[in-house]
Amino acid sequence: MDTILSCKNLVMSNLIEKAFCFSVILGVVCLQAMVLPQRIMADDVIVAHNAVQTVDVKNLKEKILIELSPEVRKKKFDEYIKEKYPKAIITDVQDGVKHIKLTNYYNGRSVRINIIEADLKIANNLELTPALSTSDKLQSRRTISTIAKSKNAIAAVNGTYFKFQSGVPLGTLMINEKVYTGPVYDRVALGIFDNGFDVARVQLNANIKGSGAKVKVDNVNQPRMLSTHVLVYTPEWGKTSPYAPKYGMSLRVADGKITKASANPLDIPQNGYVISGPKKLLQPLLKNKDVDLTIKTIPEWKNVKHIISGGPYLVKNGEVFVDMTAQKLGAIGGRNPRTAVGYTSDNNLILLTADGREGSSIGMTLMELARFMQSLGCIGAINLDGGGSTVMYVNGSVVNKPQMKGGIPLSNALVLSVKEPENNDSNTEITQKEENHS
């Protein structure tokens, strides 16, 4: 009897346990039935969201900022600048462009610093571009105020290195897709695009083809370094080319055809150029006299509008990187007046000058400058010409204190000015292939 009761109790217990399990499972199923549609709806929203916006945080931030109204974007930029420079004197240059004056201290000694920071999505009527002291020739020097006013610039700083005696820029200079001068020691340069910036060490990749021959061009409108180099001189160089090197010759080219050969200086045609180099390299081009000049750069920045060189690097991929020795810039070490250009991850432009060589402002070392540009949020930054050349212009006036009042006459400048209409005229072919700028 006890055995029968035990069996009945066991059966009853199993039935109760199974009923409980069934009720739990049923409850979970019902709960999923209620939650699943909501989850599917949420997933649908995520899919739809990703269809119009990238998952990348940086690009998402950019898209959100672009979609802000101009008033909201300007307000956010103003708040950002105030928070970023809490102890500085901040002046509006125009919407999206701020002039910041501050003092930094190194070993207890002061350095006066002037900064232009610009959000060019707000100030979308402006562009950053290199500017020669005169628009049609390289061998010239003028003050930054003269250069800036000629370009209707609201802000400007001195540009790349130049040969003091002649004013010819020393390093890569491209304006509106036209190469004016080639690189020196493959120094670092800033590439300026419609949608941002990039920095890289730049090499020249140029050649002349004709009569079945191909001749490598070593540089454009630069002083001769070796007698074995082949150089091209365009009308911007001046009226005439230099003498050919020893055992060399020069060829005058107009409309793609060699019109004269000589070891003496040749007049440079407005519709052509003069190529100068060793006779054994250039002689084969005389056979048919039809030649074609191609000028490219390495990297081949796709859609680059302007290039200005400097050196050394200050910030590379967000990290401090000063390669002074590699770029043969040992003479510019120490504590000096400095000029720099950089850009942030949001493509804000930063122009900076630091005064030096005086008791109230001692200048900066390159490492100090690099760390400071990094502290401003730069992911890419390069040093520009400094020392006596360091000068900043804002809305009609020089705002720093260069050694010479108003600044020395300059070969070129980097100006922030109202956009000009597109002008693709060029006396050389400039080709870009693979896109290295992202």
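The values are calculated or read from the model by the stated rules, or taken from the named source; none is laboratory data. Since the structure is predicted, the reported quantities are computational estimates derived from the model, not experimental observations. Using ideal geometry, Cβ is built from the backbone for each residue, glycine included, and neighbour counts are taken over all protein chains shown. Heads up: the accessible areas ignore ligands, DNA and RNA and are worked out on the full protein's heavy atoms, side chains in. Shrake-Rupley method; radii C 1.70, N 1.55, O 1.52, S 1.80 Å.
Brief remarks follow.
Conditions (1) among the acidic types (Asp, Glu); (2) in a strand (DSSP E or B); (3) within 30 Å of the chain's Cα centre (by Cα), marked per residue:
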| residue | (1), (2), (3) |
| --- | --- |
| VAL199 | no, yes, yes |
| SER227 | no, no, no |
| VAL232 | no, yes, yes |
| PRO242 | no, no, no |
| SER250 | no, yes, no |
| SER276 | no, yes, no |
| PRO284 | no, no, no |
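- Complete set of residues in the range 107-137 that are in a strand (DSSP E or B) and modelled with pLDDT under 95: THR134, LYS137
- Screening VAL168 with (1) within 15 Å of the chain's Cα centre (by Cα); (2) farther than 12 Å from SER309 by Cα gives one miss only, at (1).
- Of all residues making up the range 201-225, the number that are touching a residue at least 40 places away in the same chain (Cβ under 8 Å) and not in a loop (DSSP other than H, G, I, E, B): 13
- Top-ranked residue of the range 305-323 - restricted to ones that are under 21 Å from GLY159 (Cβ atoms) and assigned to a strand (DSSP E or B), ranked as most open to solvent (accessible area, probe 1.4 Å): LYS316
- Some residue of the range 179-194 being without any contact (Cβ under 8 Å) to a residue 12 or more places away in the chain and either surrounded by fewer than 24 Cβ atoms within 10 Å (Cβ to Cβ) or in contact with a helix residue (DSSP H, G or I) (Cβ under 9 Å, 6 or more places away or on another chain) (or both): no
- Each residue in the range 77-88 was checked for being touching a Leu at 6+ places or on another chain (Cβ under 7 Å) and either of a type outside the set (D, E, K, R) or assigned to a helix (DSSP H, G or I) (or both), and 2 of them qualify.
- Subset of the range 324-343 that is without any contact (Cβ under 8 Å) to a residue 40 or more places away in the chain and part of a loop (DSSP other than H, G, I, E, B) - its residue that is most open to solvent (accessible area, probe 1.4 Å): THR325
- Single residue of LYS260, LYS302, LYS296 found to be open to solvent by 60 Å² or more (accessible area, probe 1.4 Å) and in a strand (DSSP E or B): LYS260
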